[in-house]
Number of protein chains: 2
Amino acid sequence: MDNCLLLDAGSGGRASQRLISSCFVRHFKNPILDVMDDAALLDMQGPLAMSTDSYTVTPLFFPGGSIGSLAVHGTVNDVSMLGARPLYLTCAMILEEGLSLDVLDKVVADMAAAAQKSHVRIVTGDTKVVPRGACDHMFINTTGIGQIVRTPAPSGHSARPGDAILVSGAMGDHGLAIMSARENLPLNGVASDSAPLNDLVQAVLEAVPEVHVLRDPTRGGLATTLNEIAQQSGVGMVLEEESIPVHPEVAGGCSFLGLDPLYLANEGKCICIVPARYADRALAAMRTSEFGREASRIGEVTEDHEGRVVLRTRIGGERYLGMLEGALLPRIC
Amino acid sequence: MDNCLLLDAGSGGRASQRLISSCFVRHFKNPILDVMDDAALLDMQGPLAMSTDSYTVTPLFFPGGSIGSLAVHGTVNDVSMLGARPLYLTCAMILEEGLSLDVLDKVVADMAAAAQKSHVRIVTGDTKVVPRGACDHMFINTTGIGQIVRTPAPSGHSARPGDAILVSGAMGDHGLAIMSARENLPLNGVASDSAPLNDLVQAVLEAVPEVHVLRDPTRGGLATTLNEIAQQSGVGMVLEEESIPVHPEVAGGCSFLGLDPLYLANEGKCICIVPARYADRALAAMRTSEFGREASRIGEVTEDHEGRVVLRTRIGGERYLGMLEGALLPRIC
């Protein structure tokens with residue numbers, strides 16, 4: 001019990017102060033956070049992108065990451081998808097009484113390492129401790145803001161017929177990794193792709209003067225995210241199945257479990273839609289990033305099939321790829 | 001079961017889309033949110049204040065408010081305490097499978113009403129649904145940003161000997177209201193003070209050229225918050241007990257329960273520390289706000305008693321007011 005979180009760490013009193021300084025401030029240390037006022041003072045100029053995500057993933061640690069690294073990468077990526085340069089993150093924790101302080105420390109250390117790798121600072125936070133049974137171990141919210149570096153910003157509303165559809169790498173790794181970790185499935189070589197995409201996005205923006213859409217295919221996977229974009233832009237999409245990268249161990253695991261990798265969550269991949277004439281430049285830019293080596297052109301935007309996504313299969317057929325129906329796997333992120 | 005939240009509403013698929021449009025977008029409707037990209041695009045200029053809070057209060061509805069109104073007011077207030085004008089909020093929900101959709105709708109409506117009253121827009125969000133038992137009904141995170149309107153910004157580090165210590169109203173209402181709602185105590189007339197303080201803060205900033213400290217005494221109450229400021233500023237404080245406003249029903253309830261209102265949470269009050277010559281102007285400005293009618297000068301900042309807070313009691317004695325030790329009441333906010 002010595003090394004377990006007690007309820008009074010969320011009281012706002014002396015025990016809260018001890019937890020904050022011994023854990024959060026120690027790992028996140030930076031001059032903005034260290035001021036410890038009610039809000040962080042940020043000397044940045046607009047226009048801005050702002051995004052929020054709560055992370056409830058279970059298990060807390062999984063092949064390729066943890067709830068801590070995921071909570072940083074996920075929000076860094078959402079901010080990046082507006083073509084913005086992420087600068088600052090908040091960190092709000094909901095912790096269950098009795099949580100191991102070693103587990104908490106490891107998660108916070110993972111957040112700090114991920115923030116450093118993503119060139120962002122965690123500048124303000126909040127800690128709530130709820131009684132045993134009121135939450136499952138820990139939930140983390142991160143909210144990020146970044147500086148818009150390109151106007152007009154890429155948007156799900158901006159796909160145009162004739163555009164090329166690119167992805168920055170292989171699909172389905174995160175979803176299958178969580179599933180196998182949770183169910184103790186023997187899927188060798190499957191690991192989450194959780195990674196920060198801000199450098200990759202900056203490389204694309206520098207290489208290509210017109211980026212219509214950037215979006216990361218998280219919950220619901222590639223298929224659901226492309227459907228959203230098709231609806232928002234009022235266009236159709238045609239994908240070539242054989243061009244969509246899927247790691248062999250993921251393809252194998254999916255076929256074993258009856259899953260479709262195009263509906264599994266990704267946490268280190270983005271969709272990029274650009275005028276066809278810039279497709280090769282955008283792909284080359286993505287491949288300069290360690291997280292974009294397997295970038296691929298997977299299809300094109302069409303006038304036909306408005307609001308829908310068509311998959312041309314390996315065997316030459318065509319079928320509609322709908323949005324995800326039902327719940328594939330709760331607490332994936 | 002028809003009117004209960006199902007797990008697939010957090011899948012990222014079609015059911016998520018339905019929940020988002022039928023509940024969140026309907027209540028929060030504004031041109032920035034309606035774009036529905038991965039992040040919100042905000043056309044604002046810096047410097048900024050940014051603050052985050054997760055709300056886990058139980059019960060979800062209590063005299064004077066709900067988790068929804070509290071989640072807006074609390075973050076609006078934290079941003080305001082840097083002397084900033086709050087502009088935008090995020091809303092991230094963690095919802096338990098089986099939650100009544102009517103309850104969710106009512107909470108979201110409360111958030112929308114509170115946002116309107118606070119002149120802020122809710123511009124982006126996130127929804128996670130966790131299986132039954134993984135969280136207790138619902139948790140909300142809001143993160144706010146606002147425009148700094150005064151440099152240097154008020155800070156807990158800026159209290160100076162000779163300054164006057166003011167509070168915007170009576171102490172302890174929120175803490176006692178939650179306690180009585182949770183335990184079904186018959187405390188008539190006790191209600192949370194949950195309210196947005198941004199207009200009150202703007203009035204003070206307009207009236208007074210030098211505001212050293214603004215802070216809202218939430219968890220840990222007035223006593224704990226003043227101790228934090230005394231430590232951050234390296235000063236002492238002397239308070240006059242008879243000047244600290246406490247509603248009679250709160251004083252009565254506290255004396256009945258053996259509680260000290262100076263350690264109970266407030267959610268619609270601020271501490272304001274200004275040079276003594278501006279004290280009356282600051283009080284007059286606070287009293288122009290409907291939430292500052294009972295503003296009072298409660299003490300002064302001293303060179304003596306560095307890092308500590310002294311209370312001069314009604315009967316003429318003096319005692320140190322320490323920080324809150326232990327956990328008074330979990331899930332107060």
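The values are calculated or read from the model by the stated rules, or taken from the named source; none is laboratory data. All values derive from a computational prediction rather than experimental measurement. So basically every Cβ, Gly included, is an ideal-geometry build from the backbone, and we count neighbours across all protein chains shown.
Name the pairs: first residue in the range B:145-157 and at the interface with another protein chain (Cβ under 8 Å from one of its Cβ atoms) and under 14 Å from residue B:273 (Cβ atoms), second residue buried (at least 23 other Cβ atoms within 10 Å of the Cβ) and of a type in the set (Ser, Thr, Tyr), Cβ to Cβ under 8 Å, at least 6 apart or on different chains?
B:156/B:233; B:157/B:233
Any idea which residue in the range B:5-35 is modelled with the lowest pLDDT, counting only those that are closer than 16 Å to residue A:51 by Cβ and facing chain A (nearest Cβ under 7 Å)?
Restricting to residues being closer than 16 Å to residue A:51 by Cβ and facing chain A (nearest Cβ under 7 Å), the top hit is B:12.
Among the residues of the range B:89-103, what is the count of those that are facing another protein chain (nearest Cβ under 10 Å) and out of contact with any Cys (no Cβ under 9 Å at 6 or more places or on another chain)?
5
Which residues, counting only those in the range A:29-46, are in a helix (DSSP H, G or I) and out of contact with any Leu (no Cβ under 8 Å at 6 or more places or on another chain)?
Pass one, the range A:29-46, residues in a helix (DSSP H, G or I): A:33-35.
Matches in the range A:29-46: A:33, A:34.
Just to be sure before I move on: is residue B:202 surrounded by fewer than 24 Cβ atoms within 10 Å (Cβ to Cβ) and farther than 26 Å from residue B:65 by Cα in the structure I sent? Talk me through it step by step, then tell me what you get.
Details: surrounded by fewer than 24 Cβ atoms within 10 Å (Cβ to Cβ): yes; farther than 26 Å from residue B:65 by Cα: no.
Here the answer is no, as residue B:202 does not meet what is asked.
Based on this model, can you work out whether residue A:63 counts as within 7 Å of chain B (Cβ to nearest Cβ), closer than 30 Å to residue A:219 by Cβ and surrounded by fewer than 21 Cβ atoms within 10 Å (Cβ to Cβ)?
no
For the range B:193-220, enumerate the residues that are closer than 16 Å to residue B:299 by Cα and not hydrophobic (A, V, I, L, M, F, W, C).
B:212, B:215, B:217
Can you run down the residue pairs with Cβ atoms below 6 Å, 6 or more apart or on separate chains, where the first is in the range A:52-64 and on the phi > 0 side of the Ramachandran plot and the partner is polar (S, T, N, Q)?
A:64/A:192; A:64/A:194
Could you please find all residues in the range A:117-140 being facing another protein chain (nearest Cβ under 9 Å), assigned to a strand (DSSP E or B) and in contact with a helix residue (DSSP H, G or I) (Cβ under 8 Å, 6 or more places away or on another chain)?
A:123, A:124, A:125, A:127, A:128, A:129, A:130 - these are the residues of the range A:117-140 that are facing another protein chain (nearest Cβ under 9 Å), assigned to a strand (DSSP E or B) and in contact with a helix residue (DSSP H, G or I) (Cβ under 8 Å, 6 or more places away or on another chain).
Which residue is farthest from the chain's Cα centre (by Cα), if the candidates are limited to the range A:307-333 and must be among the β-branched types (Val, Ile, Thr) and over 22 Å from residue A:55 (Cα atoms)? Please lay out each step first, then the result.
Initial filter on the range A:307-333 (among the β-branched types (Val, Ile, Thr)): A:309-310, A:313, A:315, A:332.
Remaining after also requiring over 22 Å from residue A:55 (Cα atoms): A:309-310, A:313, A:315.
Details: A:309: 22, A:310: 25, A:313: 27, A:315: 32 Å.
Residue satisfying both the conditions and the ranking: A:315.
So which of B:144, B:125 ends up being under 18 Å from the mean Cα position of the chain (by Cα), assigned by TED's automatic domain parsing to the domain that holds residue B:17, closer than 30 Å to residue B:39 by Cβ and small (Gly, Ala, Ser)? Explain how you work it out, then say what you get.
Working: B:125 fails: under 18 Å from the mean Cα position of the chain (by Cα).
Being under 18 Å from the mean Cα position of the chain (by Cα), assigned by TED's automatic domain parsing to the domain that holds residue B:17, closer than 30 Å to residue B:39 by Cβ and small (Gly, Ala, Ser) holds for just one of B:144, B:125, which is B:144.
Could you please find all residues in the range A:176-199 being modelled with pLDDT of 95 or more, touching a Lys or Arg at 6+ places or on another chain (Cβ under 9 Å) and assigned to a helix (DSSP H, G or I)?
Hits for the range A:176-199 are A:178, A:198.
Before we move on, is residue A:95 in a strand (DSSP E or B) and either surrounded by fewer than 24 Cβ atoms within 10 Å (Cβ to Cβ) or of a type in the set (A, V, I, L, M, F, W, C) (or both)? Please lay out each step first, then the result.
Working: in a strand (DSSP E or B): yes; either surrounded by fewer than 24 Cβ atoms within 10 Å (Cβ to Cβ) or of a type in the set (A, V, I, L, M, F, W, C) (or both): yes.
Answer is yes for this residue.
Filter the range B:37-60 down to residues that are crowded, with 18+ Cβ neighbours inside 10 Å, facing another protein chain (nearest Cβ under 7 Å) and not β-branched (Val, Ile, Thr), then give me how many there are.
Of the residues in the range B:37-60, 12 are crowded, with 18+ Cβ neighbours inside 10 Å, facing another protein chain (nearest Cβ under 7 Å) and not β-branched (Val, Ile, Thr).
Checking the condition in the same structural domain as residue B:105 (by TED's automatic domain parsing), over 12 Å from the mean Cα position of the chain (by Cα) and either in a helix (DSSP H, G or I) or under 24 Å from residue A:158 (Cβ atoms) (or both), which residue from B:49, B:71, B:15 passes?
Numbers: B:49 fails: either in a helix (DSSP H, G or I) or under 24 Å from residue A:158 (Cβ atoms) (or both); B:71 fails: over 12 Å from the mean Cα position of the chain (by Cα).
B:15 is the lone residue from the list that is in the same structural domain as residue B:105 (by TED's automatic domain parsing), over 12 Å from the mean Cα position of the chain (by Cα) and either in a helix (DSSP H, G or I) or under 24 Å from residue A:158 (Cβ atoms) (or both).
Whether any residue in the range B:70-82 is surrounded by fewer than 24 Cβ atoms within 10 Å (Cβ to Cβ) and touching a helix residue (DSSP H, G or I) at 6+ places or on another chain (Cβ under 8 Å) is what I want to check.
We begin by selecting, within the range B:70-82, every residue surrounded by fewer than 24 Cβ atoms within 10 Å (Cβ to Cβ); these are none.
No: zero hits.
Being under 30 Å from residue B:43 (Cβ atoms) and not in a loop (DSSP other than H, G, I, E, B) is the filter here; which residues of the range B:141-166 pass it?
B:141, B:142, B:143, B:144, B:145, B:146, B:147, B:148, listed by residue number.
Looking only at the range B:87-111, count every residue that is over 30 Å from residue B:46 (Cα atoms) and among the β-branched types (Val, Ile, Thr) and tell me the total.
Step one: of the range B:87-111, the residues over 30 Å from residue B:46 (Cα atoms) are B:94-107, B:109.
Checking the rest, the ones that are also among the β-branched types (Val, Ile, Thr) come to B:94, B:103, B:107.
Number satisfying all stated conditions: 3.
Please find, within the range A:15-35, the residue that is nearest to residue B:87 (Cα to Cα) out of those that are buried (at least 19 other Cβ atoms within 10 Å of the Cβ) and without any contact (Cβ under 8 Å) to a residue 60 or more places away in the chain.
Checked the range A:15-35; the qualifying residue nearest to residue B:87 (Cα to Cα) is A:17.
Check off (1) surrounded by fewer than 21 Cβ atoms within 10 Å (Cβ to Cβ); (2) in contact with a Cys (Cβ under 8 Å, 6 or more places away or on another chain); (3) under 29 Å from residue B:141 (Cβ atoms) for residue A:231 and give me the number that stays unchecked.
(2)
Which condition from (1) touching a strand residue (DSSP E or B) at 6+ places or on another chain (Cβ under 6 Å); (2) among the aliphatic types (A, V, I, L, M); (3) more than 23 Å from residue A:172 (Cβ to Cβ) is the one that residue A:108 breaks?
Residue A:108 satisfies all of (1) touching a strand residue (DSSP E or B) at 6+ places or on another chain (Cβ under 6 Å); (2) among the aliphatic types (A, V, I, L, M); (3) more than 23 Å from residue A:172 (Cβ to Cβ) except (1).
Please pick out the residue among B:307, B:292 that is in contact with a Leu (Cβ under 9 Å, 6 or more places away or on another chain), in contact (Cβ under 8 Å) with a residue 60 or more places away in the chain and within 21 Å of residue B:218 (Cα to Cα). Even if it seems obvious, please write down each step before you answer.
On the way: B:307 fails: in contact with a Leu (Cβ under 9 Å, 6 or more places away or on another chain).
Checking each option against the conditions leaves just B:292.
Of all the residues that make up the range B:215-228, how many are farther than 19 Å from residue A:34 by Cβ and either surrounded by fewer than 23 Cβ atoms within 10 Å (Cβ to Cβ) or within 12 Å of chain A (Cβ to nearest Cβ) (or both)? Give the derivation first.
The initial filter retains those residues of the range B:215-228 that are farther than 19 Å from residue A:34 by Cβ, namely B:216-224, B:226.
Still in the running and either surrounded by fewer than 23 Cβ atoms within 10 Å (Cβ to Cβ) or within 12 Å of chain A (Cβ to nearest Cβ) (or both): B:216-224.
Total satisfying the criteria: 9.
Taking the range B:279-333, which residues are among the hydrophobic types (A, V, I, L, M, F, W, C), more than 22 Å from residue B:78 (Cβ to Cβ) and at pLDDT below 95?
At the first step, the residues of the range B:279-333 found to be among the hydrophobic types (A, V, I, L, M, F, W, C) are B:279, B:282-286, B:291, B:295, B:298, B:301, B:309-311, B:315, B:321, B:323-324, B:327-329, B:332-333.
Of the ones still in play, those that are also more than 22 Å from residue B:78 (Cβ to Cβ) are B:279, B:283-284, B:301, B:310-311, B:315, B:321.
Once the filter is applied, which keeps residues that are among the hydrophobic types (A, V, I, L, M, F, W, C), more than 22 Å from residue B:78 (Cβ to Cβ) and at pLDDT below 95, the range B:279-333 yields only B:315.
What do you reckon, is residue A:115 over 19 Å from residue B:53 (Cα atoms) and surrounded by 24 or more Cβ atoms within 10 Å (Cβ to Cβ)? Show your work before the answer.
On the way: over 19 Å from residue B:53 (Cα atoms): yes; surrounded by 24 or more Cβ atoms within 10 Å (Cβ to Cβ): yes.
The answer is yes for residue A:115.
Filter the range A:263-291 down to the residues that are surrounded by fewer than 24 Cβ atoms within 10 Å (Cβ to Cβ) and closer than 21 Å to residue A:230 by Cβ and list them by number.
Those that are surrounded by fewer than 24 Cβ atoms within 10 Å (Cβ to Cβ) and closer than 21 Å to residue A:230 by Cβ: A:271, A:275, A:276, A:278, A:279.
Can we say residue A:243 is polar (S, T, N, Q) and in contact with a Ser or Thr (Cβ under 6 Å, 6 or more places away or on another chain)? Talk me through it step by step, then tell me what you get.
On the way: polar (S, T, N, Q): yes; in contact with a Ser or Thr (Cβ under 6 Å, 6 or more places away or on another chain): yes.
Criteria met by residue A:243.
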